[in-house]
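Some notes on the structure that comes next.
The values are calculated or read from the model by the stated rules, or taken from the named source; none is laboratory data. Fair warning: this is a prediction, and the values are worked out from it, not measured in the lab. Cβ atoms come from the backbone with ideal geometry, glycine included; neighbour counts cover every protein chain shown. Ligands, DNA and RNA are excluded from the accessible area calculation, which covers all protein heavy atoms including side chains. Shrake-Rupley method; radii C 1.70, N 1.55, O 1.52, S 1.80 Å.
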Amino acid sequence: MSPHPFRQAAQFLLGVPTEGINPALDRMLELAQATPLCFVAVAGPGAGEAMCQLWRRGYQRVEAARRATCGAADERSDLLLVLDCQTLPDARAVIAATYTMLRPGGMLVVDAGALLDETPRRALADSLRELGLEVQPQAHLGAEILATRPFSSRRAA
């Protein structure tokens, strides 16, 4: 799959290498059509390594996401990446604690590579829908699951 034209342009203008080190992170950024101009929050056990790789690639607005704790943190991120959660309960907990950091229209990409069976992947996609995120019907079939926070969504109490 060739890179999105806006991503290519941003990488060219910022002098960022077009190929990365982590193939899962590469796929997640490609799926979200992210550019170094995006505000990216990173969560999960692989967040530290992913942040370092994003900085090396020219992403300057990157933060670790452990929990959305205040209104200033909520609805700020263009993209939330959840990496290296080994179990469905771990992934659900990380997402539930951080998804409100997404701005309306923002994207969440979950690395579901550790969930080898269809059942936990489908359950993860259903959990995202229960949080009010939009998920494609066949999203559970991929190694990464993409969800979008709708513009009309409000934070659940």
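Could you identify the single residue in ALA91, ALA123, ALA114, ALA97 that is in contact with a Cys (Cβ under 6 Å, 6 or more places away or on another chain) and farther than 17 Å from PRO150 by Cα? Before you say what the answer is, go through the steps one by one.
Working: ALA123 fails: in contact with a Cys (Cβ under 6 Å, 6 or more places away or on another chain); ALA114 fails: in contact with a Cys (Cβ under 6 Å, 6 or more places away or on another chain); ALA97 fails: in contact with a Cys (Cβ under 6 Å, 6 or more places away or on another chain).
None of the others qualify; the one that does is ALA91.
Select from region 114-156 the residues that are out of contact with any strand residue (DSSP E or B) (no Cβ under 8 Å at 6 or more places or on another chain), under 13 Å from ILE95 (Cα atoms) and among the charged types (D, E, K, R) and write down the one among them that is least open to solvent (accessible area, probe 1.4 Å).
Per the criteria, the residue is ASP126.
Taking region 104-157 only, how many residues are in a helix (DSSP H, G or I) and of a type in the set (Lys, Arg)? Full working, then the answer.
We begin by selecting, within region 104-157, every residue in a helix (DSSP H, G or I); these are 118-130, 139-141.
Still in the running and of a type in the set (Lys, Arg): 121-122, 129.
Result for region 104-157: 3.
Looking at region 65-78, can you tell me whether even one residue there is modelled with pLDDT of 90 or more and small (Gly, Ala, Ser)? Outline the logic, then answer.
Here is the first cut: in region 65-78, the ones modelled with pLDDT of 90 or more are 77-78.
Next, only the ones that are small (Gly, Ala, Ser) stay: 77.
Checking region 65-78: at least one residue is modelled with pLDDT of 90 or more and small (Gly, Ala, Ser).
Name the pairs: first residue in region 136-153 and in contact (Cβ under 8 Å) with a residue 60 or more places away in the chain and closer than 15 Å to ALA34 by Cα, second residue part of a loop (DSSP other than H, G, I, E, B) and open to solvent by less than 100 Å² (accessible area, probe 1.4 Å), Cβ to Cβ under 9 Å, at least 6 apart or on different chains?
Cβ pairs passing all conditions: GLU144/ALA112; GLU144/GLY113.
Can you list residue pairs whose Cβ atoms sit under 6 Å apart, with the first residue in region 47-70 being closer than 13 Å to LEU81 by Cβ and among the β-branched types (Val, Ile, Thr) and the second being at pLDDT 90 or above and surrounded by fewer than 21 Cβ atoms within 10 Å (Cβ to Cβ)? Count only pairs 6 or more apart in sequence or on different chains.
VAL62/MET51
Taking the residues in region 1-47 that are part of a loop (DSSP other than H, G, I, E, B), of a type in the set (A, V, I, L, M, F, W, C) and modelled with pLDDT under 85 as candidates, determine which candidate is least open to solvent (accessible area, probe 1.4 Å). Talk me through it step by step, then tell me what you get.
Step one: filter region 1-47 for residues part of a loop (DSSP other than H, G, I, E, B), giving 1-4, 15-22, 33-39, 44-46.
Adding the requirement that they be of a type in the set (A, V, I, L, M, F, W, C) leaves 1, 16, 21, 34, 37-39.
So of that shortlist, the ones also modelled with pLDDT under 85 come out as 1, 16, 21.
Numbers: MET1: 201, VAL16: 17, ILE21: 124 Å².
Result: VAL16.
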